[in-house]
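**Student:** Can you keep this structure in mind? I'll have questions shortly.
Every number in this text was worked out from the coordinates using simple rules, so none of it is lab data. This is a predicted model, so every value here is computed, not measured. Cβ placement follows ideal geometry from the backbone for every residue including glycine, while neighbour counts extend to all protein chains displayed.
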Amino acid sequence: MRSQLRKRSVHVKQNSRVSLITAWVSGAAVIFLAVAPWWMGRGQVSVLMEFFYYLALAQMWNLLAGFAGIVSLGQQAFLGLGGYTLFFLTMRMDCHPLLALLIAGLAGAIVALPGAAAVFRLQGAYQAIGTWVIAEVFALIFLQVQSLGAGSGISLAVSIARQVQIGAVRRDVVLYLVALAIGVLVTAFSYALLRSQTGLALMAVRDNELSARTAGVNSQRLKLMVFVATSCGTALTGALIYLAKLRISPQAAFDINWTSYMLFIVIIGGIGTLEGPIVGTLVFFLLREYLAQLGSSYLIILGALAVVVMLFLPGGIWGTFANRFNISLFPMQRWLVDDGLAEQNQSEVRKIPVATSE
Amino acid sequence: MSIWIDSILQGILLGAIYALFAAGLSLVFGVMRLVNVAHGDFIVLAAFLALWFQKLAGFGSPFWTLLMLVPLMFVLGYVLQRAVINPALTETVLRPLLITFGLSIIIQNGLLQIFSADPQKLQGGQLEVASFTLPGGLAIGAFPLLMLAVSVTLLGGLQLVMFRTRLGRALRATSDDIKTASLMGVNTPHLFSVASGLALATVAVAGVFTGIRATFNAANGPVWLVFAFEAVIIGGLGSLWGTLVGGVILGVSQCIGAQFSPAWQFLTGHLVFLALLMLWPRGLFPRRTE
């Protein structure tokens with residue numbers, strides 16, 4: 001005899017109307033951006049390419065600092081490594097530049113594995129300074145490598161730069177499309193990751209590592225995963241940047257300013273959200289487009305903005321906005337939806353998906 | 001053999017400079033865990049201000065500028081901490097990190113605009129070239145020796161403040177447990193600001209001495225910051241003598257590395273720092289367990 005019970009039925013949803021609209025609009029925007037270079041001017045193509053690689057770098061730093069709790073001031077180590085790997089492979093090994101991009105990413109991941117052993121021993125401020133010093137060591141090592149131009153740097157041969165052109169598609173358009181792909185993929189990957197059970201575990205570790213570990217989350221493995229993935233992506237992006245710049249030197253490639261800009265973009269925009277780095281990159285580029293001709297005054301304004309935003313909008317621009325209006329374009333939270341009282345057979349009561357890490 | 005003794009000796013003197021750079025950082029980092037990315041730029045700022053004061057007031061020796069510079073930097077440190085950094089001191093290191101990063105760019109580019117990118121130097125007169133000859137033929141400059149003395153005195157003075165005064169007791173209590181210290185009536189915003197004021201007062205000294213020792217320009221800050229942080233971290237959080245030891249270890253490593261090849265000077269220093277950090281992640285003399 002099965003008992004008829006009045007059970008409250010609930011389910012978990014991860015989307016809202018806003019987030020679904022955002023997803024469709026984003027998809028359309030990406031398609032638009034992918035065909036845009038055919039009628040845009042060269043200047044616009046170049047600026048947008050930079051926009052996308054800064055966005056990618058910022059999203060990866062956001063993933064590291066905002067979700068995995070790894071405060072790295074040494075991401076320029078991977079960026080420079082990627083750039084140098086590309087130059088080495090194309091100029092010394094006759095590798096096709098686009099293939100070299102992928103191998104550069106792989107090199108970043110490989111170096112990240114032993115790197116993680118060092119970085120993970122440190123925490124907080126120690127980690128920030130430790131990673132910076134590691135990046136300095138990279139710079140000083142590449143300063144010694146005569147075959148890659150040592151301190152004076154090295155230029156990419158014209159013949160190699162020409163290989164980037166695919167059929168009728170110009171070199172700068174190919175690079176633009178690669179940058180767009182990296183920017184979009186990094187954002188989409190972060191979104192998918194953070195909405196998955198792994199992402200839930202990651203955020204649990206960020207919010208309270210001890211509790212998360214007690215609940216069975218392997219926090220070290222999660223952090224390692226994020227560290228290796230972002231190192232791979234940063235190296236790949238670095239290779240792209242220097243394939244576009246055509247000239248690399250240790251001072252430029254391992255410049256702390258690369259990470260400073262990531263930090264600026266992510267924190268100004270709003271750390272711990274996916275919208276934040278997008279907003280931050282927009283702000284960064286708008287300032288640059290309109291104020292860069294001011295030279296060092298522009299940088300003073302940038303610094304002042306960092307101070308002012310941190311004082312008055314602690315959550316960053318997007319974080320404050322989202323809080324005020326309770327809006328999320330790329331939601332990572334889960335909502336419990338009450339379906340109301342339903343006459344249901346007990347055995348049919350829907351199970352609430354319980355989030356676990358494994 | 002004497003080459004090695006010489007490089008160790010020079011390393012100790014170099015280390016004293018790093019310890020001088022690091023003294024204020026050690027205090028601020030120890031008390032409030034603040035990663036002050038602008039610390040190096042404050043040293044450069046102090047050096048430029050000394051240059052400016054010297055011209056303005058017509059001082060013969062840059063040391064006289066300390067009379068104005070030390071109080072001025074103390075006030076600057078107090079005000080900046082109170083107005084800008086205190087409100088952002090929360091659990092994470094990120095907000096103060098970005099604020100001090102912002103200050104760092106403002107100082108660097110402000111100095112660049114006012115003083116241009118040309119290297120500058122403070123003129124220390126006869127003292128700069130005076131030297132002693134030790135038995136065995138080793139020569140030691142009088143000025144580096146003076147810097148060593150100043151560095152030891154300054155760190156010793158801060159140590160006394162930290163361990164022998166009411167202020168130091170409150171600072172240590174706040175460092176250990178900020179909530180409990182506040183409950184006991186410690187005015188933490190004021191205290192943090194005093195600590196930052198003291199830190200920038202030491203920076204004034206560091207700026208003048210380093211400005212006499214060698215040329216400087218607006219872009220020197222980040223490199224000095226890295227050396228200062230290495231000295232602090234090798235020594236351990238909250239240990240001022242540890243910072244001196246850390247500076248000396250860094251200086252000696254760099255000088256020994258430079259003996260093999262000039263290009264290896266900084267590389268050796270960084271590698272020794274990383275190796276020590278891997279072996280003792282909390283530094284050689286951590287004041288207490290975290």
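**Student:** Could you tell me what fraction of 2.2 N^0.38 Å the Cα radius of gyration of region A:86-238 comes to, as a two-decimal ratio?
**Tutor:** On the way: Rg = 18.9 Å, N = 153, 2.2 N^0.38 = 14.9 Å.
Taking the Cα Rg and dividing by 2.2 N^0.38 Å, one obtains 1.27.
**Student:** So for each of A:78-90, B:262-274, B:246-258 I average, over its residues, the number of other beta carbons within 10 Å; can you give me the resulting order with the highest mean first?
**Tutor:** Values: A:78-90: 27.2, B:262-274: 20.0, B:246-258: 24.5.
Most protected by this proxy first, the peptides run A:78-90, B:246-258, B:262-274.
**Student:** Any idea how far the Cα center of region B:84-141 sits from the one of region A:193-270, in Å?
**Tutor:** Cα centroid of region B:84-141 versus Cα centroid of region A:193-270: 31 Å apart.
**Student:** Then there is this: How much mean residue ellipticity at 222 nm does the protein assembly as shown get from its helices, if each DSSP H run of length 4 or more adds -39500 (n - 2.57) and you divide by all residues, to the nearest 500 deg cm²/dmol?
**Tutor:** Values: 26 runs with 443 residues, N = 648.
The per-residue figure over the protein assembly as shown is -23000 deg cm²/dmol.
**Student:** Taking each residue in B:227-234, count the Cβ atoms of any other chain within 10 Å of its Cβ, then average. What number comes out?
**Tutor:** On the way: counts 0, 1, 7, 5, 0, 3, 6, 0.
Across the residues of B:227-234, the mean count of other-chain Cβ atoms within 10 Å is 3.
**Student:** If you take the beta carbon distance between A:Val145 and A:Phe120 as r and set R0 to 25 Å, what does 1/(1 + (r/R0)^6) give as a FRET efficiency, to the nearest 0.05? Walk me through the intermediate numbers first.
**Tutor:** Working: r = 28 Å, r/R0 = 1.12.
Efficiency for this residue pair is about 0.35.
**Student:** How much FRET efficiency would the formula 1/(1 + (r/R0)^6) give for B:Asp118 and A:Arg170, where r is the Cβ-Cβ distance and R0 is 30 Å, rounded to 0.05?
**Tutor:** Numbers: r = 42 Å, r/R0 = 1.41.
That pair, B:Asp118 with A:Arg170, gives E of 0.10.
**Student:** Please state, rounded to one decimal and in Å, the Kirkwood hydrodynamic radius that chain A gives when every pair of distinct Cα atoms enters the mean of 1/r. Don't skip to the answer; put the middle values down first.
**Tutor:** Values: mean 1/r = 0.0453 Å⁻¹.
When all Cα pairs of chain A are included, the Kirkwood radius is 22.1 Å.
**Student:** What Kirkwood hydrodynamic radius, in Å, does region B:214-290 give when the mean of 1/r is taken over all pairs of distinct Cα atoms and then inverted?
**Tutor:** Numbers: mean 1/r = 0.0779 Å⁻¹.
Over region B:214-290, the inverse of the mean reciprocal pair distance is 12.8 Å.
**Student:** Sticking with this one: How many Cβ atoms of partner chains, on average, are near each residue of A:127-137 if near means within 10 Å of its Cβ? Before the final figure, lay out each step's value.
**Tutor:** On the way: counts 2, 6, 12, 8, 0, 7, 10, 2, 1, 10, 7.
Per-residue shielding by partner chains comes out at 6.
**Student:** Could you tell me how far the Cα centroid of region B:184-245 sits from the Cα centroid of region A:157-187, in Å?
**Tutor:** 46
**Student:** Span-like helices, chain B: DSSP H, alpha-carbon axial extent 18 Å or more, mean Kyte-Doolittle 1.6 or greater, which ones? The partial results should precede the final answer.
**Tutor:** Numbers: long enough: B:2-32 (43 Å, 1.78); B:39-57 (27 Å, 1.27); B:66-80 (20 Å, 2.58); B:94-115 (31 Å, 1.45); B:142-164 (32 Å, 1.75); B:188-213 (37 Å, 1.27); B:221-235 (21 Å, 1.85); B:240-260 (31 Å, 1.37); B:264-279 (22 Å, 1.72).
In chain B, the long hydrophobic H runs are B:2-32, B:66-80, B:142-164, B:221-235, B:264-279.
**Student:** Separate question: How shielded is A:304-315 by partner chains, expressed as the average number of their Cβ atoms within 10 Å of its Cβ atoms? All intermediate terms of the calculation are to be shown ahead of the outcome.
**Tutor:** Working: counts 4, 1, 9, 13, 3, 4, 13, 8, 1, 0, 4, 1.
The mean count of partner-chain Cβ atoms within 10 Å per residue comes to 5.
**Student:** Restricting everything to alpha-carbon atoms, can you work out Rg to Rh for the protein assembly as shown with a Kirkwood hydrodynamic radius?
**Tutor:** 1.01
**Student:** Within 10 Å of each residue's Cβ, count the other Cβ atoms and sort A:Tyr54, A:Tyr298, A:Tyr290 from fewest upward.
**Tutor:** Fewest-to-most ranking of A:Tyr54, A:Tyr298, A:Tyr290: A:Tyr290, A:Tyr298, A:Tyr54.
**Student:** Within region B:181-290, report the trypsin sites (Lys or Arg not before Pro) that DSSP leaves as loop and that have at most 14 other Cβ atoms within 10 Å. Walk me through the intermediate numbers first.
**Tutor:** Working: sites: B:Arg213, B:Arg282, B:Arg287, B:Arg288; in loops: B:Arg282, B:Arg287, B:Arg288.
For trypsin sites (Lys or Arg not before Pro) across region B:181-290 that sit outside H, G, I, E and B with at most 14 neighbouring Cβ atoms in 10 Å, the list reads B:Arg288.
**Student:** Whole number please: convex hull volume per residue of the Cα set in region A:1-112, in Å³? Intermediate values should be presented prior to the final figure.
**Tutor:** On the way: hull volume 28.6 nm³, N = 112.
Convex hull volume per residue, Cα atoms: 255 Å³.
**Student:** Between 0 and 90 degrees, rounded to the nearest ten: what's the tilt of helix A:171-195 against the longest Cα principal axis of chain A?
**Tutor:** Orientation of helix A:171-195: about 30 degrees from the principal axis.
**Student:** Put a dot 7 Å past each Cα toward the Cβ at B:Phe163 and A:Leu311; how far apart are the dots in nm?
**Tutor:** Rounded to a tenth, the inter-label distance reads 3.8 nm.
**Student:** Mind ranking B:150-159, A:111-120 by how tightly packed they are, going by the mean number of other C-beta atoms within 10 angstrom, highest first? Could you put the intermediate results ahead of the total?
**Tutor:** On the way: B:150-159: 18.6, A:111-120: 16.3.
Final packing ranking: B:150-159, A:111-120.
**Student:** Determine one quarter of the surface area of the Cα convex hull of chain B, which equals its mean projected area, and express it in nm² to one decimal. Intermediate values should be presented prior to the final figure.
**Tutor:** Working: hull surface 63.1 nm².
Mean shadow area of the hull around the Cα atoms is 15.8 nm².
**Student:** While we're here: Restricted to Cα positions, what overall size does region A:31-167 have along the principal axes? Three whole-Å values, descending.
**Tutor:** Result for region A:31-167: principal-axis Cα extents of 49, 39, 23 Å.
**Student:** How many angstrom lie between the Cα centre of region A:309-340 and the Cα centre of region A:61-99?
**Tutor:** 32
**Student:** Give the Rg (one decimal place) followed by the Dmax (whole number) of region B:91-156, computed from C-alpha coordinates and expressed in Å.
**Tutor:** Cα only, region B:91-156: 19.4, 55 Å (Rg, Dmax).
**Student:** If one takes the longest principal axis of the Cα atoms in chain A, at what angle in degrees, from 0 to 90 and to the nearest 10, does the Cα axis of helix A:124-144 lie?
**Tutor:** Helix A:124-144 and the main axis of chain A meet at about 30 degrees.
**Student:** Can you tell me the Rg and Dmax of region B:1-160, counting just the alpha carbons, in angstroms?
**Tutor:** Values for region B:1-160 (Cα only, Rg and Dmax): 18.3, 57 Å.
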